[in-house]
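The values are calculated or read from the model by the stated rules, or taken from the named source; none is laboratory data. Keep in mind that this is a model prediction, so the values were computed, not measured. No Cβ is skipped: glycine too gets one built from the backbone with ideal geometry, and neighbour counts run over all protein chains shown. Heavy atoms of the whole protein, side chains included, go into the accessibility calculation; ligands, DNA and RNA do not. Shrake-Rupley method; radii C 1.70, N 1.55, O 1.52, S 1.80 Å.
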Amino acid sequence: MTDTQQENPYKLTPMLLKRFHQFKKLGDKTKMFERIIALGKKLAPFDQSKKLDENQVKGCVSLTYITGGLEDGKLSFQGESNSHLVQGLLALLIDGFTGTSPEEVLAVDPRFIEEMGLVQTLTASRANGFMNTYSMVQDIARRCLQG
């Protein structure tokens with residue numbers, strides 16, 4: 001295994017790798033929630049006309065939307081949730097994948113989510129919703145790759 005693979009075994013994007021290390025250091029559930037909610041507050045406003053059924057995250061207990069597309073060969077994502085916690089989780093993915101290529105998104109190993117400590121801090125329904133959001137991000141990347 002190369003040094004890069006040891007430092008980044010989940011093939012995370014640079015921003016996701018940064019967040020991965022930040023969250024791994026926290027360990028405390030309360031601090032993790034505070035950090036996640038703070039991320040959500042920085043998310044850009046969502047275009048209300050995009051609140052369509054096809055953009056809604058299915059299986060999420062909160063009303064959550066995500067959209068994305070390619071701009072100059074790089075992905076760009078937008079999203080919104082009516083839950084502060086889910087808004088933060090959404091921001092984690094949006095910040096982590098915006099500005100990357102579809103190939104980079106699809107190369108990421110989703111096991112990073114559990115290793116990061118997020119899944120263990122969430123209720124089962126929130127963890128499921130987060131995984132569904134992650135799947136939607138990957139679906140958007142796949143569609144962009146296919147043209």
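If you go through segment 120-127 one residue at a time, do you hit one that is surrounded by 17 or more Cβ atoms within 10 Å (Cβ to Cβ), more than 18 Å from L26 (Cβ to Cβ) and in contact with a helix residue (DSSP H, G or I) (Cβ under 8 Å, 6 or more places away or on another chain)? Break it down stepwise before answering.
Going through segment 120-127, the residues surrounded by 17 or more Cβ atoms within 10 Å (Cβ to Cβ) turn out to be 121-122, 126-127.
Filter once more, so that each one left must be more than 18 Å from L26 (Cβ to Cβ): none.
Looking through segment 120-127, none of the residues is surrounded by 17 or more Cβ atoms within 10 Å (Cβ to Cβ), more than 18 Å from L26 (Cβ to Cβ) and in contact with a helix residue (DSSP H, G or I) (Cβ under 8 Å, 6 or more places away or on another chain).
For segment 18-38, a residue qualifies if it is within 12 Å of L85 (Cα to Cα) and open to solvent by less than 80 Å² (accessible area, probe 1.4 Å), and the qualifying residues are M32, F33, I36, I37, A38. Return the total of residues in segment 61-89 being within 19 Å of R142 (Cβ to Cβ), aliphatic (A, V, I, L, M) and under 12 Å from the mean Cα position of the chain (by Cα). Matching residues across segment 61-89 total 1.
Pairs are defined by a Cβ separation below 6 Å, a sequence spacing of at least 6 or placement on different chains, a first member in segment 39-65 that is over 18 Å from R126 (Cα atoms) and open to solvent by less than 90 Å² (accessible area, probe 1.4 Å), and a second member that is at pLDDT 95 or above and among the acidic types (D, E); the pairs so defined are F46/E80. Scanning segment 90-127 for residues that are hydroxyl-bearing (S, T, Y) and more than 11 Å from the chain's Cα centre (by Cα) returns T100, S101, T121, T123, S125. Step by step: first the residues of segment 130-147, then only those that are more than 11 Å from the chain's Cα centre (by Cα) and modelled with pLDDT of 90 or more, then the one that is farthest from L26 (Cα to Cα). Which residue is that? Going through the qualifying residues, I end up with Q146.
Residues that are of a type in the set (A, V, I, L, M) and at pLDDT 95 or above occur in segment 47-61; there is at least one.
Given the structure, is K18 touching a strand residue (DSSP E or B) at 6+ places or on another chain (Cβ under 6 Å) and of a type outside the set (D, E)? Here the answer is no, as K18 does not meet what is asked.
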